[in-house]
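Below is one structure, written out as structure tokens; the observations come after it.
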Amino acid sequence: QYKFRDLTIEELKNVNKTYPNFTFSMNTYTFKDGSQKDLLNFSGTVPVKYGNSYNIPIRLWILDSHPFAPPICFLKPTVNMGISVGKHVDAHGRIYLPYLQNWSHPNSTVIGLIKEMIAKFEEELPLYSLSSSDADRQSELLSYIAKITEGETDMKSKSKIGGGKTKGCFNKITVVGAGDLGIACVLAVAAKGAADRVVLLDLSEGAAKGGTMDLEIFALPNVEISKDFSASADSKVVVLTVNSLGNAQTYLDVIQSNVDLFRGIIPAISHYSQNTVLLVASHPVEVMTYVSWKLSAFPKSRVIGVGANLDTERFQYILTNLLKAEVLAKDAWIIGEQGEDKVSSWTSCNLVANQTEAMATRTSREKVANRAMEVLKGKGQRSWSVGLSVADLIDSILKDKRKVHSVSTLAKGCCSINSEVFLSLPCILGTSGVIEMVKLEEDPLAQEKLQSSAGSIHDLQQQLKL
């Protein structure tokens, strides 16, 4: 059942050579959402020097998407040990480390993880010795902790939260990335009331800073900030806003850097929320939506890019309110790829019955559309405006509005496109993502531009290493 069996076995062989005291087994692990899987896991002790030398017992669970997702790590204290809750360990013995948060194959390994674990434990010892009386009280707590570390369902996942709703009934979304765009998405979704709970997954190193710190200070209701992928569990929609800030020199290097970043994110996200809709806002959106689709192995309907939704809403607004062409606006769309190569199109060509009048009306429509496109060019896309667009899409998905949006979707089979590329096209959105693609009128110029965009995007994708 392991997707990358050979890689996993090779790595565990290396662990066994370095730490021969570890014992390996296959057991059932139950996640916070109640789902279960049989997973490889190993237990043993790691040597830690904290004045004296200590052997700290740990247990690591290897996910079936390993090595592209980090292990789940726990302390495994005996009845005579108490857990020292700190920045790297919670009250249940779950271990949190920067190495886990920044996990990225092939740079990240279990051996490297254990080395950082030892280093962090030498700064702050995670366990302490109990007296005999404390040990008796500790045994009851350990029986509960064992339920978690042995794969039993966390009791919290069964508890009710907010208004008598169970967690599974909540419209929960996760925003991955705590940069300006990520925070803008959180604020826009909260303001629109589109979700019952919003998790902001901050993957940056170090303590909370900037906007993330401000969110913590002013504590928005129903907004949670976390550095742990497990906080995203059971999300109905996951929004991806992260972009790599590496030292890439070429455009291809920049995109490859983003791909490498996604390789450490998508498997973990899809593991914790197996039925979610992925909504991609990272750049370039067409390519990163394709990458998310490939890495998640989700159906194409549940992987969507924000695409030209913002441009389309602006385009329709300009036609209606500035150019007073409300009749045209309802059928007007911006399609294709983001940037200079986007193109206007229409979903209705039944303008008039007479062919001569139809030609004249079509020419008049194109003139109005060209004027609208000129106005649209002067409108930049700031983080807060994209955040509003994301909130609009989430609202349509969670509330199953069956509203039409121009979003990045798999375009293969449309407009004579034969390659696996994502382009913005009008789609009906609902709780399962893209329900149906809306048919566009036949426009040779628009089709030519779409095919050109598809060709250049496909060529770029072929150069990437997934």
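Data for the structure
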| quantity | calculated |
| --- | --- |
| The range 69-93-the range 269-289 distance, computed between alpha-carbon centres (Å) | 31 Å |
| Residue-level accessible surface for Glu216, protein heavy atoms, 1.4 Å, Å² | 100 Å² |
| Rounded accessible area per residue of the range 5-129, 1.4 Å, Å² | 45 Å² |
| Protection proxy ranking of 85-96, 18-29, 175-186 - average other beta-carbon atoms within 10 Å, highest first | 175-186, 85-96, 18-29 |
| Qualifying GluC sites (Glu not before Pro) for the range 373-465 [loop in DSSP, other Cβ within 10 Å: at most 15] | Glu441, Glu442 |
| Relative contact order computed over the range 308-463 (Cα-Cα under 8 Å; 6+ residues apart), in percent | 24 percent |
| Electrostatic dipole magnitude of the range 308-463 [Cβ: Lys, Arg +1; Asp, Glu -1; Cα centre; debye, to 20] | 460 debye |
| Rel. contact order, % - alpha carbon contacts under 8 angstrom, at least six apart, the range 5-129 | 21 percent |
| Dimensions (Å) - the range 5-129, Cα atoms, principal axes, largest first | 40, 32, 26 |
| FRET efficiency, Ser452 to Lys367 (Cβ-Cβ, R0 35 Å, nearest 0.05) | 0.90 |
| Nearest-0.05 FRET efficiency for Thr347 and Leu323, computed from C-beta distance (R0 22 Å) | 0.75 |
| Stretch gain in nm, segment Asn16-Ser230, where the contour uses 0.36 nm per residue and the Cα spacing is subtracted | 74.3 nm |
| Candidate residues Ser344, Ser282: accessible-area rank, largest first, probe 1.4 Å | Ser344, Ser282 |
| Protein accessible area in the range 5-129, 1.4 Å probe - carbon and sulfur % | 51 percent |
| Sequence of Ser204, Ser424 from largest to smallest accessible area, 1.4 Å probe | Ser204, Ser424 |
| Cβ-Cβ FRET estimate between Leu445 and Lys377, R0 fixed at 22 Å, reported to 0.05 | 0.75 |
| Cut-off 10 Å between beta-carbons: net charge of the residues surrounding Val259, Lys and Arg +1, Asp and Glu -1 | +2 |
| Heavy atoms of Asp311 accessible to a 1.4 Å probe, total area in Å² rounded to 10 | 10 Å² |
| Amide hydrogen neighbours beyond the local backbone of Gln274, cut-off 5 Å, H modeled | Asp234 |
| Gained length - Ser25 relative to Met213, 0.36 nm times residue gap less alpha-carbon distance | 63.6 nm |
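The values are calculated or read from the model by the stated rules, or taken from the named source; none is laboratory data. The shown structure was predicted, so the numbers you read here are calculated from the model rather than taken from an experiment. As a convention, Cβ positions derive from the backbone with ideal geometry for all residues, glycine included, and neighbour counts pool all protein chains shown. Note: areas computed on protein heavy atoms with side chains; ligands, DNA, RNA excluded. Shrake-Rupley method; radii C 1.70, N 1.55, O 1.52, S 1.80 Å.
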